[in-house]
Structure formats: C-alpha cells, structure tokens
Amino acid sequence: MSKIANRRALLQGGALSCFVASGLALPALARDIKKTGAEETAYPPEQLMRGHAVLARVLLIYEAGMRRMGQGEDIDPAVYSQAAEITKAFIHDHQEKMEEELVFTRFKTGGRMVELVGVLANQHQAGRKLTERILAAAPQARNRESREAMGRDIQALIAMYRPHMAREATDLFPALRHLVTADEYADMADDMEKRERQAFGADGFEKTVKKVAEVEKVIGIEDIDVFTPKS
C-alpha cells in the first residue's frame, strides 16, 4: 500500500480527526506515515519540483556549453540537441502539461493567483518556442551565425525560467493544498504518477536524470565541486 493509500485509509477511518481539528496540515502528517509495501507516491509539489531540478541542471549545461564555446572550445553540438530534447520531452510535453491541466486549472477555478497563473502559462508557451528554435539551430552550432542565434535563445530561456521556477516553488505550489481536499490532493498525485509511467515507463524521472548526467559528463560539469569557489 502506498503512502497516499495509507493516508486515505486513515482519513476514512477517522483516525486523523484529532489532528485535523488541531489544524495540522494533512500532507505534512502523511509524510510521517510509514511505507508498508509498494513504492511511495510523491505529492504533487514534490513531483513538480523534480521537474524544476531537471530543468535547472539543463540550464547549467546550456550555460557551460555557451561559455566554453565562447572561449574557443570545440563543443559537440549534440550537447545542445540532447539538452533541448530532454527539455522538450520531460519539461514542456510532460511536466508543464501536468501543471496546466492539473494545477493551473485549480487556481483559475478557485479564483486564486489568476494573474500569476496566466503569466506562467504564457511563459510555458514561450519556453516551447525557444526550445524548438534551439533544437533547430543546435546541429549548426559550430557555425558562428547559428551559434549566436542559438545563444540568444538560450539566454532568453534561462532568464525566463529561473524566476518562473522560483515563483512556482515559493508562491504557487505551497498554496495548492489549500485549494483541494485531502482526497483530491491524493488523486492528483496518483494522476501525475500515472502520466509519468505512461510517458516514460517505470522510473521515468530516474531515467531522465541519467540522461541529464550523461550530457553533464560530456560538458564537464558532472562533479558539482566545479561550482565551488576556490578562494
């Protein structure tokens, strides 16, 4: 039984009524319920934040590649193609789609943070366009004109997504559980997990992270110690 299934059983049996009355958050409580069988289901913010982490690592790949290419190094164009392919598959076509269909709609229906949600949705569209242009330009990255055009799109992607991810993490995701019941929250988590399995098979997130790590090795940033100040 998953962690979320455990919580449902407790809720239905009324075992958590005293905690509900005291105002404790159900998601926080449920994290303390011990796993008794199958793999645990991650809560919606956790699943979405994993997407943020993947994207953050891709942005680091882009930055390292463009910086080193600007210093005259011959960087394999596949670095950019693979980074963009990961972004398209896991971020645009999967994570952002879930956000729009399962999360943004909740805020619109509830009349909460509607303006912010509108901006975030528009940025998803802009991000998809930028990634498509990066994918198109990447094979010609050794050509100066193509590289410069791709570099502008990469910089635009980075400049947009860092504040985008920060606002979702600090403003949007923490407010989500206040818009839904405990069962709706659990159903949302189940839906997200099901979508990931359908799109990427078992361990979809882990497989995606491995792909990111492979590109990081090519660009030389697989060891995070390279980001540690040396003085």
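In this structure, is THR181 over 18 Å from the mean Cα position of the chain (by Cα), among the hydroxyl-bearing types (Ser, Thr, Tyr) and more than 22 Å from VAL117 (Cα to Cα)? Quick ask: steps written out before the conclusion?
On the way: over 18 Å from the mean Cα position of the chain (by Cα): yes; among the hydroxyl-bearing types (Ser, Thr, Tyr): yes; more than 22 Å from VAL117 (Cα to Cα): no.
No.
Report whether or not LYS230 is exposed (fewer than 13 other Cβ atoms within 10 Å of the Cβ) and closer than 21 Å to ALA53 by Cβ.
no
Looking only at segment 87-116, how many residues end up being of a type in the set (S, T, N, Q) and in contact with a helix residue (DSSP H, G or I) (Cβ under 7 Å, 6 or more places away or on another chain)? Step through it out loud before you land on a result.
Filtering segment 87-116 down to residues of a type in the set (S, T, N, Q) leaves 87, 95, 105, 109.
Then drop every residue that is not in contact with a helix residue (DSSP H, G or I) (Cβ under 7 Å, 6 or more places away or on another chain), which leaves 87, 95.
Of the residues in that region, 2 qualify.
Mind listing whichever residues of segment 176-185 are open to solvent by 10 Å² or more (accessible area, probe 1.4 Å) and touching a helix residue (DSSP H, G or I) at 6+ places or on another chain (Cβ under 7 Å)?
If the condition is that a residue be open to solvent by 10 Å² or more (accessible area, probe 1.4 Å) and touching a helix residue (DSSP H, G or I) at 6+ places or on another chain (Cβ under 7 Å), then ARG177, LEU179, VAL180, ALA182, ASP183, TYR185 are the ones that fit.
Of all residues in segment 127-143, which are under 20 Å from the mean Cα position of the chain (by Cα), open to solvent by 40 Å² or more (accessible area, probe 1.4 Å) and either modelled with pLDDT under 95 or under 12 Å from TYR161 (Cα atoms) (or both)?
The answer is ARG128, and nothing else.
Would you confirm whether any residue within segment 205-228 is at positive phi, within 18 Å of the chain's Cα centre (by Cα) and not in a helix (DSSP H, G or I)?
So far as segment 205-228 goes, no, none of its residues is at positive phi, within 18 Å of the chain's Cα centre (by Cα) and not in a helix (DSSP H, G or I).
Being among the aromatic types (Phe, Trp, Tyr), surrounded by 15 or more Cβ atoms within 10 Å (Cβ to Cβ) and in contact with a Ser or Thr (Cβ under 9 Å, 6 or more places away or on another chain) narrows it down to one of PHE200, PHE173, PHE205, so name that one.
After ruling out the rest, the residue left standing is PHE200.
Across segment 62-78, which residue is nearest to the chain's Cα centre (by Cα) among those that are more than 15 Å from VAL215 (Cα to Cα) and either aromatic (Phe, Trp, Tyr) or open to solvent by 60 Å² or more (accessible area, probe 1.4 Å) (or both)?
ARG67
The values are calculated or read from the model by the stated rules, or taken from the named source; none is laboratory data. Given the structure is predicted, the values throughout are model-derived calculations rather than measurements. Ideal geometry is used to build each Cβ from the backbone, glycine not excepted, and the neighbour counts take in all protein chains shown. Remember, those area values only see protein heavy atoms, side chains included, never the ligands or the DNA or RNA. Shrake-Rupley method; radii C 1.70, N 1.55, O 1.52, S 1.80 Å.
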